[in-house]
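All remarks here apply to the structure that follows.
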Amino acid sequence: MPLPSPHPCSAEANLQAALELLLELKRQGLSRLVLCPGSRSAPLALAAGLLAEQGLDLFCGVDERSAAFLALGLSRGDGRPTALVTTSGTAVANLLPAVVEADFGAIPLLVLSADRPHRLKGCGANQTVNQETFLSTSCRRFLQGDPSGLAAMERAALRGLAQEAWSAALVPPWGPVHCNLPFEEPLHASGESLIRLQSELRSLVLEEVSGHGFIPEPEAPPPLDLDRPGVVVAGPWRGSAEALPGFATALTRLQERTGWPVFADVLSGLRGWPGLKCIHSYDLLLADGHRLPASPQLLRLGPVPASRRLQGWIQQCAGPQLLLTEQDPRNLDALGSATERWSGGLESWWHQLPEARRQGHPSGDNQRWSTRWLAAEQQVQQRLDEELDGFDPSEPALARCLSRLVPAHWGLMLASSSPVRDWESFSAPDAPCRQTYGFRGASGIDGTLSMAAGLACSTGPLLLVSGDLALLHDANGWLWHQQLRERAARLTVVMVDNGGGGIFEQLPIRPALDFERLFAMPQALDPRRWAEGYGIPSRGVASLAALPEALAWAQEQTLSLLVLRTDRQVDAQLRQALRRTMVQLATS
């Protein structure tokens with residue numbers, strides 16, 4: 001049976017359609033686009049190049065997986081969707097890890113994948129795959145251009161497609177949207193067409209629209225009893241950067257009224273917040289053998305923190321548990337212990353309480369309850385300073401030292417596995433308040449370096465703390481060096497070189513057959529020579545005492561690597577010993 005005839009079009013018509021789509025996205029608020037190479041996506045690439053001359057921030061990268069994570073970091077930094085353009089075929093499949101993280105982490109992302117027209121599907125045509133379904137289970141919305149080609153769409157339809165895609169990415173819970181865009185050949189517009197469009201764009205004035213998508217707030221649930229003891233458990237922050245101050249202010253007012261201690265996850269953005277009394281050491285205080293009581297009631301904010309000890313303690317709390325999320329109506333009660341859930345957010349919940357309930361001071365019972373937790377926290381923190389002073393270098397001591405050394409105006413990203421866990425337990429309580437990022441939605445080690453590069457470009461200077469395997473897993477992330485330089489961005493990477501997967505040392509599996517080969521997987525690679533191959537300057541750091549000088553040097557570079565060697569077996573034993581010591585201290 002003969003194939004259907006192609007829709008008649010020209011290369012210039014394809015370019016005009018792609019340009020119309022991107023122009024409308026830019027009018028809706030798109031300011032950044034990450035472009036990967038390809039031929040089928042040529043109309044989108046040329047349109048992006050034209051708009052880059054009109055202010056669109058264009059990032060170009062050769063590795064789709066790395067590019068997707070760069071886009072993820074860009075969007076996570078300021079809560080605005082980043083567009084990501086790929087060609088057809090397996091290029092789209094490479095986006096899945098980042099799209100999964102965007103879904104779980106509520107990060108807006110707009111995927112624009114070029115495709116063959118529908119007439120070439122299912123007949124063995126080259127580079128023609130079922131890419132429509134590759135990302136479907138993780139996307140908020142899937143949208144499709146005209147099956148015969150984007151050039152077959154009227155201007156109004158192209159604008160409507162762009163508007164629908166942009167709105168879908170910003171309806172809470174934020175997340176990824178996939179637009180699949182077929183293009184019929186020919187694909188490559190002439191130089192004359194490009195020159196004419198350049199001239200037309202110079203005189204074009206776009207009136208940008210603004211505003212996020214919102215969902216109606218549900219009716220507020222009954223409040224907790226503010227005059228009874230309780231605990232606030234604050235998980236990783238997934239709202240926008242501009243919403244965090246209002247959230248933290250509402251929490252501070254709540255604490256002033258109730259005295260409830262705040263167990264603040266390291267990714268909550270609350271540690272060090274002025275006026276807020278946080279418990280940093282809950283993972284140590286609640287280690288095996290602790291005698292601390294369950295809380296009579298809990299206010300849980302956002303996703304549950306990663307600490308398994310805290311999770312077990314939460315499940316032991318038989319009283320009311322109210323789980324509040326920031327405009328995320330999905331079920332985030334991974335423990336199944338919340339008695340009520342509400343997605344309207346803490347700030348709204350607090351202000352909906354009657355004014356008379358919000359006034360006053362902590363009851364006597366609340367004050368005694370809070371004093372007990374704060375005293376335990378103070379004891380543990382003082383003892384940690386004493387205990388860690390003799391372990392140089394070690395990963396727990398690194399977390400404590402770095403948290404105090406990094407300038408307050410620098411952001412921080414913690415890689416999954418050991419770094420984020422060490423900072424949760426061992427970072428210093430007197431460290432300055434700073435925005436701390438981690439990608440714990442799906443908790444993979446994919447794209448660590450690329451996400452950090454995206455964050456550095458969208459938020460300002462950034463320090464990334466990563467293990468050796470996580471960094472190696474995203475080796476092509478070093479290729480964003482030039483993009484960082486063009487934007488005067490700064491990214492310092494501190495790599496903990498412990499010879500493999502240190503996280504597995506904390507599990508009871510070392511006696512397993514061939515532990516090094518099956519779990520730790522050390523790589524025979526010199527990280528500094530590896531970075532040098534990408535043109536990245538580096539320094540070795542022999543001890544924590546050498547960190548200040550090394551950081552001062554690194555902060556003068558666009559992208560740099562500091563390597564600190566540690567012993568993962570010794571560090572695993574140190575963590576276990578510290579937990580035993582702190583539990584005994586808290587129960588004595």
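For the range 178-187, 3J(HN,Hα) computed residue by residue from phi via the Karplus equation (6.51, -1.76, 1.60; θ = phi - 60°) reads 10, 10, 9, 10, x, 9, 8, 6, x, 10 Hz, glycine and proline entered as x. Computed over protein heavy atoms with a 1.4 Å probe, the accessible surface of the range 487-567 works out to 51 Å² per residue.
Keeping the other protein chains in place, figure out the carbon and sulfur percent of the accessible area of the range 331-402, with a 1.4 Å probe.
Details: 1590 of 3680 Å².
Summing carbon and sulfur atoms, their accessible area is 43 percent of the total for the range 331-402.
The 3J(HN,Hα) values that the Karplus relation (6.51, -1.76, 1.60; θ = phi - 60°) gives for the range 149-160 are, in residue order, x, 4, 5, 7, 8, 6, 4, 5, 5, 5, 5, x Hz. Gly and Pro appear as x.
Just the protein heavy atoms count here, and of the accessible area of the range 519-588 at 1.4 Å, carbon and sulfur take up 47 percent. Computed with a 1.4 Å probe over protein heavy atoms only, the accessible area of ILE503 comes to about 40 Å².
Each residue of the range 513-520 was assigned a 3J(HN,Hα) from its phi angle through the Karplus curve 6.51 cos²θ - 1.76 cosθ + 1.60 (θ = phi - 60°); the sequence is 4, 6, 3, 4, 7, 8, 10, 5 Hz, with glycine and proline shown as x.
Provide, for q = 0.12, 0.20 Å⁻¹, the log10 of I(q)/I(0) from a solvent-free Debye sum over equal Cα point scatterers in the range 168-275. Those come out to -0.71, -1.24, one per q. Projected onto their three principal axes, the Cα atoms of the range 301-399 cover extents of 51, 35, 25 Å, largest first. Taking every alpha-carbon pair under 8 Å whose residues sit at least 6 apart, the range 45-137 reaches a relative contact order of 28 percent.
Using the Cβ-Cβ distance between GLN382 and ASP567 with R0 = 25 Å, the FRET efficiency computed as 1/(1 + (r/R0)^6) comes to roughly 0.45. Just the protein heavy atoms count here, and of the accessible area of the range 42-173 at 1.4 Å, carbon and sulfur take up 52 percent.
Translational diffusion coefficient of the chain at 25 °C, 0.890 mPa s, Stokes-Einstein with Kirkwood Rh over Cα pairs, in µm²/s as a whole number.
Values: Rh = 25.6 Å.
It comes out at roughly 96 µm²/s.
Peptides 376-385, 302-311, ordered by how many other C-beta atoms sit within 10 Å of their residues on average, highest first, read 302-311, 376-385. Per residue, the accessible area of the range 164-265 comes to 42 Å², computed with a 1.4 Å probe over protein heavy atoms only. Contact order for the range 334-428, expressed relative to its length and based on alpha carbon pairs under 8 Å spaced 6+ residues apart, stands at 25 percent. Here the spin labels are modelled as points 7 Å beyond Cα on the Cα-Cβ line, and at GLN367 and ASP288 they lie 4.0 nm apart.
Counting only other residues whose beta carbon sits under 15 Å from that of HIS188, what net charge do I get with K and R as +1, D and E as -1?
Values: positive: ARG40; negative: GLU12, GLU184, GLU185, GLU192.
Here the count lands on -3.
FRET efficiency for the PHE515 to GLN54 pair, using the beta carbon distance and R₀ = 60 Å, is estimated at 0.60.
Using a 1.4 angstrom probe on the protein heavy atoms only, could you order GLU532, GLU347 from most to least accessible area? If you can, show how the numbers build up before the last one.
Details: GLU532 125, GLU347 80 Å².
Correct descending sequence by accessible area is GLU532, GLU347.
With the convex hull drawn over the C-alpha atoms of the range 400-556, the volume per residue is 124 Å³. DSSP assigns beta bridges within the range 249-370; of those with both partners inside it, close to 10 percent run antiparallel.
The values are calculated or read from the model by the stated rules, or taken from the named source; none is laboratory data. Computed from a predicted structure; not experimentally measured. So basically every Cβ, Gly included, is an ideal-geometry build from the backbone, and we count neighbours across all protein chains shown. We work out accessible area using only protein heavy atoms, side chains counted, and drop any ligands, DNA or RNA first. Shrake-Rupley method; radii C 1.70, N 1.55, O 1.52, S 1.80 Å.
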